[in-house]
Amino acid sequence: MGNKRLETVVGGVRMDTPVIIASGVWPMDPGLWPSGSMDGVGAVCSKGITLSPRKGNTGVRIFETPSGMLNSIGLQNPGVSAFIDEDLGPLSSAGFPVIVNVAFGSLEELDDTVHILEKSVDKIGAIELNVSCPNVSSGGMSWGTLPSSLEEAVGGARAAWNGPLWVKLTPQAWSIADASKVCENAGADAVVVGNTWLGMAVDNQNEKPFFDRVFAGLSGPAIFPLSLRMVWEAAGSVAIPVIGCGGVSGPDEALSMMLAGASAIQAGTSLFVESRLPSLICRGLIEHMDSHSLENAVALTGRARPEKGAATQKC
Ligand SMILES: Cc1cc2nc3c(=O)[nH]c(=O)nc-3n(C[C@H](O)[C@H](O)[C@H](O)COP(=O)(O)O)c2cc1C
C-alpha cells in the first residue's frame, strides 16, 4: 500500500498499516496467499501453535450461520518445532511481522513452547497468547475466564519471553475491562479483543449436536457489535494498546473499532468472502483521515471516546 500515514507501532511491533490478519484463517505458506490479498496488510498471525503437533477435532469443523460461522478446528497444527523448521522462515521472509499465536494446556507447556520460540526471536514480531484454550488442570476451563488463571498464563509467558507479548482475550472472560487490566499488570504489551464466542448448532435431522465437542466458536459479522463493545471497555481500562478483532467485514467496522479505542484491528472470517479486505480497509481509513483532516491513522484511535484523543499517543 505504501502510504506512510498508515504506519504505526502497536504493542512493540512496527507495522506498515494497522490491519492484521487474524489467527487461524490464512495459509501459513505465503505461496498460497491469493493475489492482491496482502496489499494493506500490516502483520500476519500464525495459526495457534502448541508444543506438540495436534490433529484437531474429529467430526464436522465448520458450520455456516446467519452472518457468520461456527468453527471447531481444535488447534490443528504441526507443533512448535515443525512450525519453526517449515513455516516460520517463509512467513518471516514475506515482508510482514509474524505474530505467533501460542496455545497451551499447562504452564509447563507454555514455558517450553515460548523457550523454543525464543531461539527464533529475530523472525517473530510478537507472541499472541491465546487464552481461550482450556486449562487442563482446572477441568478444561479457558485460561482467560478467571483472573487467577489469566494472571498465571500472562505472567508465565512474560517470564519466558523478552519480545513483544500480546494477549488475545476470550469474550467468555468474567469482565473484559478487568481481564485487560490483569494482562497489563502481568506485563502484556497489548491486548487483542477478542477471540470467538461460544455457540452451538443442532443437527435436527439426526437429533444431536452438530459438532462432536458440542460447542464451537462463532465469528464473522454477526459478532461485530459485541466486539466493538468489548474494545470500548478494554480501551477505557488500560494504557497498553487494544487491538480490535471480531466481525470486521469492511472499512466502516475497522474505523469504528479504531474510533472506539483500538490501535489496530484484525480481520479473519470476512477474508473468506473478500480476500482484498485489508486494502479496502486501508482505503477507507485514508478517506476518513482526509475528510477529518487527520495526519495519520494513529490519530484515529479513541476519537469516539468521551476523553477524545487521550488514547492517541498509545503505541
Ligand atoms: C477457522 C478459524 C480458525 C481459527 N483459529 C484460531 C487460532 O488458532 N487461534 C486463535 O487465537 N484464534 C483463532 N480463530 C479466531 C480468529 O482469529 C478471530 O479471533 C475470530 O474469528 C474473530 O474474528 P473474525 O470475526 O474477524 O473472524 C480462528 C477462527 C476461525 C474462523
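Output the number of residues of the stretch 146-171 satisfying the condition of being crowded, with 17+ Cβ neighbours inside 10 Å and either within 17 Å of the chain's Cα centre (by Cα) or assigned to a loop (DSSP other than H, G, I, E, B) (or both).
So the count comes out to 15.
Among all residue pairs at least 6 apart or on different chains, which show Cβ distances below 7 Å where the first residue, located in the stretch 203-218, is within 19 Å of Met141 (Cβ to Cβ) and the second is surrounded by fewer than 12 Cβ atoms within 10 Å (Cβ to Cβ) and small (Gly, Ala, Ser)?
Close Cβ pairs (under 7 Å, with a partner that is surrounded by fewer than 12 Cβ atoms within 10 Å (Cβ to Cβ) and small (Gly, Ala, Ser)) amount to Phe211/Gly59.
Pairs under 6 Å by beta carbon, first residue within 14 Å of Ala94 (Cβ to Cβ) in the stretch 12-28, partner of a type in the set (Phe, Trp, Tyr), six or more apart or different chains?
none
Among the residues of the stretch 101-117, which ones are closer than 13 Å to Val167 by Cβ and either assigned to a loop (DSSP other than H, G, I, E, B) or touching a strand residue (DSSP E or B) at 6+ places or on another chain (Cβ under 6 Å) (or both)?
Hits for the stretch 101-117 are Asn101, Val102, Ala103, Phe104.
Determine whether the stretch 68-81 contains at least one residue that is within 13 Å of the ligand (Cβ to nearest atom), within 20 Å of Ser142 (Cα to Cα) and either without any contact (Cβ under 8 Å) to a residue 40 or more places away in the chain or loosely packed, with under 14 Cβ neighbours inside 10 Å (or both). Steps first, answer last, please.
The first filter runs over the stretch 68-81 and keeps only residues within 13 Å of the ligand (Cβ to nearest atom), leaving 68-78.
From what is left, the residues that are within 20 Å of Ser142 (Cα to Cα) are 70-77.
Within this subset, residues satisfying the condition of being either without any contact (Cβ under 8 Å) to a residue 40 or more places away in the chain or loosely packed, with under 14 Cβ neighbours inside 10 Å (or both) are 76-77.
Checking the stretch 68-81: at least one residue is within 13 Å of the ligand (Cβ to nearest atom), within 20 Å of Ser142 (Cα to Cα) and either without any contact (Cβ under 8 Å) to a residue 40 or more places away in the chain or loosely packed, with under 14 Cβ neighbours inside 10 Å (or both).
Out of Val100, Val114, report the one residue that is closer than 18 Å to Cys183 by Cα, at pLDDT 95 or above and either touching a Ser or Thr at 6+ places or on another chain (Cβ under 7 Å) or not aliphatic (A, V, I, L, M) (or both).
Details: Val114 fails: either touching a Ser or Thr at 6+ places or on another chain (Cβ under 7 Å) or not aliphatic (A, V, I, L, M) (or both).
Matching residue, one of Val100, Val114: Val100.
If you go through the stretch 187-224 one residue at a time, how many are assigned to a loop (DSSP other than H, G, I, E, B), away from the ligand (no atom under 15 Å from the Cβ) and loosely packed, with under 14 Cβ neighbours inside 10 Å?
At the first step, the residues of the stretch 187-224 found to be assigned to a loop (DSSP other than H, G, I, E, B) are 187-189, 194-196, 201, 204-207, 210-214, 220.
Within this subset, residues satisfying the condition of being away from the ligand (no atom under 15 Å from the Cβ) are 187, 189, 204-207, 210, 212, 214.
Applying the additional criterion that residues be loosely packed, with under 14 Cβ neighbours inside 10 Å yields 204-207, 214.
The total comes to 5.
Could you list all residues from the stretch 268-287 that are part of a helix (DSSP H, G or I), more than 12 Å from the ligand (Cβ to nearest atom) and surrounded by fewer than 24 Cβ atoms within 10 Å (Cβ to Cβ)?
Ser279, Leu280, Arg283, Gly284, Ile286, Glu287
Considering only the stretch 247-267, state which residues are of a type in the set (A, V, I, L, M) and within 14 Å of the ligand (Cβ to nearest atom). It would help to see each step written out before you state the result.
Residues of the stretch 247-267 that are of a type in the set (A, V, I, L, M), as a first pass: 248, 254-255, 257-260, 262, 264-265, 267.
Within the stretch 247-267, Val248, Ala254, Met257, Ala262, Ala264, Ile265, Ala267 qualify.
Kindly provide the set of residues from the stretch 9-39 that are more than 17 Å from Thr269 (Cα to Cα), crowded, with 21+ Cβ neighbours inside 10 Å and in contact with a helix residue (DSSP H, G or I) (Cβ under 6 Å, 6 or more places away or on another chain), ordered by number.
Within the stretch 9-39, Thr17, Pro18 meet the criteria.
Checking the structure you have, find out if any residue of the stretch 110-119 is crowded, with 17+ Cβ neighbours inside 10 Å and in contact with a Cys (Cβ under 6 Å, 6 or more places away or on another chain).
No, the stretch 110-119 contains no residue that is crowded, with 17+ Cβ neighbours inside 10 Å and in contact with a Cys (Cβ under 6 Å, 6 or more places away or on another chain).
Has the stretch 301-315 got at least one residue that is more than 15 Å from Val41 (Cα to Cα) and either outside any loop (DSSP other than H, G, I, E, B) or within 16 Å of the ligand (Cβ to nearest atom) (or both)? Steps first, answer last, please.
Of the stretch 301-315, the ones more than 15 Å from Val41 (Cα to Cα) are 301-315.
Checking which are either outside any loop (DSSP other than H, G, I, E, B) or within 16 Å of the ligand (Cβ to nearest atom) (or both) leaves us with none.
No; the residues of the stretch 301-315 include none that is more than 15 Å from Val41 (Cα to Cα) and either outside any loop (DSSP other than H, G, I, E, B) or within 16 Å of the ligand (Cβ to nearest atom) (or both).
Could you count how many residues in the stretch 1-58 are more than 15 Å from the ligand (Cβ to nearest atom) and in a strand (DSSP E or B)?
6
What's the number of the condition Phe96 fails, among (1) in contact with a strand residue (DSSP E or B) (Cβ under 6 Å, 6 or more places away or on another chain); (2) in a loop (DSSP other than H, G, I, E, B); (3) within 13 Å of the ligand (Cβ to nearest atom); (4) of a type outside the set (Val, Ile, Thr)?
Unmet for Phe96, out of (1) in contact with a strand residue (DSSP E or B) (Cβ under 6 Å, 6 or more places away or on another chain); (2) in a loop (DSSP other than H, G, I, E, B); (3) within 13 Å of the ligand (Cβ to nearest atom); (4) of a type outside the set (Val, Ile, Thr): (3).
The values are calculated or read from the model by the stated rules, or taken from the named source; none is laboratory data. Here the structure is a predicted model, which means the values were calculated and not measured. With ideal geometry, Cβ positions are generated from the backbone for all residues, glycine too; neighbour counts draw on all protein chains shown.
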